[in-house]
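Worksheet for the structure shown next.
Every number in this text was worked out from the coordinates using simple rules, so none of it is lab data. Owing to the predicted nature of the structure, the values given are computational and were not obtained by experimental measurement. Quick reminder, even Gly has a Cβ in these numbers, built from the backbone with ideal geometry, and neighbours come from all protein chains shown.
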Amino acid sequence: MQEHSVESLAEKSILYMSGVSKSFDGFKAINNLSLFIKPGELRAIIGPNGAGKTTMMDLITGKLTPDTGEIYFRHDIDLTKHDEADIANLGIGRKFQKPTVIESLTVFENLELALQGKRGVFESLLFKLDTEGKQRIEEVFDIIGLGAKSAHAAGSLAHGEKQRLEIGVLLVQNPDLLLVDEPAAGMTDEETEQLSNLLKRIQGDHSVVVVEHDMEFIRSLDTEVTVLHEGSVLAGGTLEQVQQNERVVEVYLGR
Amino acid sequence: MKNGLINTLLKDDKASQRFILILMAVSILVPILNLLVPESWPIHVSTYTVTLLGKYLCFALLALAVDLIWGYCGILSLGHGAFFALGGYAMGMYLMRQIGDRGVYGNPELPDFMVFLNWQELPWYWYGFDNFGFAMLMVLLVPGLLAFVFGWFAFRSRVTGVYLSIITQAMTYALMLAFFRNEMGFGGNNGLTDFKDILGFDLQSDYTRCTLFFLTALSLALAYLACIGIVKSKLGRVLVAIRDAESRTRFMGYRVEHYKLFVFVFSAVLAGIAGAFYVPQVGIINPGEFTPINSIEIIIWVAIGGRGTLYGAVIGAILVNYGKTWFTGAFPELWLFMLGGLFVVATIYLPQGIKGLFDKWQSRQNTATPTAGA
Ligand SMILES: Nc1ncnc2c1ncn2[C@@H]1O[C@H](COP(=O)(O)OP(=O)(O)OP(=O)(O)O)[C@@H](O)[C@H]1O
Ligand SMILES: [Mg+2]
C-alpha cells in the first residue's frame, strides 16, 4: 500500500528525491531530504543561510553524489549515476548562486555555446551556426533583453545583467527542469519583476525550482513554497501558510 | 579549396595575416641570403645564423603549442619540454641509424654507445627507426600517446590548477631520470649525437641547413593556421569557456575532460614536431632537454609574448631566446636572473605581454589620426 503510493508519486514527478543525505566531514548539510517536483511546476525554496539549498542543487546536477537516498529524473533516470554534462544534456539546466558566465566571450557567444546540439569535440570544431540557432538566440534576446550588448564581453556586464545572461543561457538550452539559485540578487526592481513574470510564464512548459531570499520576489511568484532548514524540509505550502508556521518563524528569527 | 580555407581562417585577422606573411618572407629570404649572396657581402646570412634562427623557430613552435593549452584552455603544463624532447629523441634515433657503419667503432648494426656498453644486439624499441617514415610517425605518436595517457587520467580525475602543473613537472623530471640511465638504451647522459645525414643529405651542408630552416618555418606557419582554425571555431570558444568557468561549461553539457584531452594531445604532438626539427639543426639530443627548468622557460616565453594570442607566443619565444643567446655570450651567469626579472616585469607591467604593448601602440596611433579616413 505504502510502496504503491510512493511509486505513483515517483511516476508523477519530474524530479523525485527521497531520503537524501550528504555530509561534509561529518556535518550533515543535507539530512534525509525528500522533495517531489511535478512536471510544469514552479516551486520556490526558501531557508536561512546554510540550510542546504545550494548543496541540494549540487546533488541534483551531479556535482555531488549523495551518501544515501535516491534522486530520479522523469521517474526512471537515476541522477546519482550521471555526471554534470550528462545531466545537463538530459534536460536539467542550472543557474549558479554566484552569476557565472563566460567572461571573455561575448554575450552572443555565451548564448551560442548553450544552443542545443551535439556536444562532441569534433562537432564543435565543425560547428556552423544555422538560422534555427540564430532564431533561438533572437527569441532569448527578446526575453532577457541585452540585445544591444550582444557583441560585448560578458565580463563587462553589470551584476544584474550577468544574472539575466545566465538565465538566457538556461533558456537557450531549453531544459525540462530549471534550477535557479538566487536569481534576483543584484537585480534592479524592474529586472526582478521581469524575472518573476518570466518564470511564471515558462512554468507549465518547464518545471522550475527557484531558491531565493527575497520574500517580495517569492510572493510575486505566487506559488508553492518549501522551507529548507538544516538539510531537510521544515514546512511547505503557500507563502502565507509557511510564514505563519511557528517553526519557520523561529528558524528565521533565531538566527 | 585549400586557399579558400586559409582565406576564411585569416579573414578579418590583420595580425595573423601579417604574421604569416612575415614568416613566409623570412623562410624564403634567409636561405637566399645564405646560399645565393656571396659571403663577402654585408647582407650575407651565415650558416651559423641560419641554424640559430631555425632553433628559434623550433622554440616558437613549442611556445605556440603551450599557448594553445595555457592561453586558451587554462591548462598550465610545466612538462611540455618532455613532449619536445620525445619528438627530438624519435628524430635522433633515425639520425643515429643513418650513421650506419660510419661510427667510431664502425659497427653496421649498433650505434656507438651500444657498442661501448658491450651490447650484442639492437633493443626491440629501436627497430624500424632506420625507416624515415616510421621515425616520423613516432615523432607524432610517442608524444601524442604519452599526452593521451597522462591527460586521460589527469583530466578524468579533474586534476586542475597547481596540482596539474606539479604532476606535469614530475612527469618531465621522471623522464629525465629515466633517459639519464644507460640501460634505457638512449645513450644515457650523452644522448644521441654525431649525426651524419638525413635522408642521405649531409647535415653539415648549407643546403641541408637551409632546407631544414625552411621546413621549420613552414611547419610553424601550418601549425599556426591549425591553431587559428581551432581557436576560431566553436571548439575554441568551448576551450575559453573551460578556462573561464569550468563548472559552467559542464552544466552546459560539454564534456570538459574530452576537450582538454583533445587539445592537450594536439599540443603535445606540435611540441614533438618542434623537437624533431630541433635535433638535426643543433646536432644533439640529450636528457638535459627533459629538465623541468626548460618547461618553465617555455611558460616565460609565452607570458612575455602575450598569452592567448598565438602570435604573441611566437614573438616571445624568439625575442627571449635571442636575448638568451646574446646574454649567455656576454654575461652567462646572469641569464637566469635576467629571465626571472623579465618574467616579473612582464606579469606586473605587461599582463598581456609584448602583444599588449603592440595593441596599446596601435590604438594610440589610431586615436592620433582619427580624421585620416574621413
Ligand atoms: N563543499 C563543502 N564542504 C564543506 N561544507 C560545505 C560544502 N558545501 C556546503 N557546505 C556547508 O553545507 C551547508 C549548506 O550549504 P549551502 O551552500 O547548501 O547553503 P545554502 O542554503 O545554499 O545557503 P545560502 O543561502 O547562504 O546560499 C553550509 O553549512 C555550508 O558551509
Ligand atoms: Mg546557496
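Out of every Cα-Cα pair in the range B:128-222, what percent are more than 16 Å apart? Percentage above 16 Å: 74. In the protein assembly as shown, inverting the average of 1/r over every pair of distinct C-alpha atoms gives 28.0 Å as the Kirkwood radius.
For residue B:196, the lysines whose Cα falls under 26 Å of its own Cα, not counting residues fewer than eight places away in the same chain, are B:55.
The fewest-to-most ranking of B:244, B:130 by surrounding Cβ atoms within 10 Å reads B:130, B:244.
Taken about its Cα centre, the range B:239-329 carries a charge dipole of roughly 260 debye when the Cβ of each Lys and Arg holds +1 and the Cβ of each Asp and Glu holds -1. Divide the volume of the convex hull around the Cα atoms of the range B:79-136 by the residue count and you get 88 Å³ per residue. Comparing B:223, B:169, B:247 along the charge dipole axis of the range B:19-366, the residue lying farthest to the positive side is B:247, per the Cβ-charge model.
Along the range B:211-226 the Karplus relation, 6.51 cos²θ - 1.76 cosθ + 1.60 evaluated at θ = phi - 60°, assigns HN-Hα couplings of 5, 4, 4, 4, 5, 4, 4, 5, 4, 4, 5, 5, 5, 4, 4, 4 Hz to successive residues, with x for each Gly and Pro. Computed about its Cα centre, the charge dipole of the range B:19-366 is approximately 1660 debye, with only Lys, Arg, Asp and Glu carrying charge at their Cβ.
Axis of helix A:2-12 versus longest Cα principal axis of chain A: the two differ by about 20°, to the nearest ten degrees.
In this structure, the amide hydrogen of residue A:207, modeled 1.01 Å from its nitrogen in the peptide plane, lies closer than 5 angstrom to those of A:40, A:177, A:178, counting only residues at least 5 positions away or on a different chain. Against chain B, whose longest principal axis comes from its Cα atoms, helix B:353-368 is set at around 30 degrees. When the Cα positions of B:339, B:291, B:193 are compared along the charge dipole of the range B:19-366, B:339 comes out farthest toward the positive end, with charges on each C-beta of Lys, Arg, Asp and Glu. D by Stokes-Einstein for chain B, Kirkwood Rh over Cα pairs, 20 °C, 1.002 mPa s: 98 µm²/s. Here the range B:234-374 has an Rg and Dmax of 19.1, 60 Å, counting Cα atoms alone. For the peptide A:119-127, the mean number of other protein chain Cβ atoms found within 10 angstrom of a residue's Cβ is 6. To the nearest ten degrees, helix A:159-173 and the longest principal axis of the Cα atoms of chain A are 90 degrees apart. Spacing of the modelled spin labels on residue B:189 and residue B:8, each 7 Å from Cα toward Cβ, amounts to 5.5 nm. The fewest-to-most ranking of B:361, B:126, B:70 by surrounding Cβ atoms within 10 Å reads B:361, B:126, B:70. Restricting the calculation to alpha carbons of the range A:30-92 gives Rg and Dmax of 11.8, 32 angstrom. About its Cα centre, the protein assembly as shown has a charge dipole of approximately 1400 debye under the convention of +1 per Lys or Arg Cβ and -1 per Asp or Glu Cβ, with nothing else charged. As a calculated quantity, the FRET efficiency between residue B:325 and residue A:240 at R0 = 56 Å, using C-beta atoms, amounts to about 0.10. Ranked for footprinting exposure by Cβ neighbours inside 10 Å, fewest first, A:23, B:40 give B:40, A:23.
A simple spin-label model places pseudo-atoms 7 Å from Cα toward Cβ; at residue A:97 and residue B:163 they are separated by 2.2 nm.
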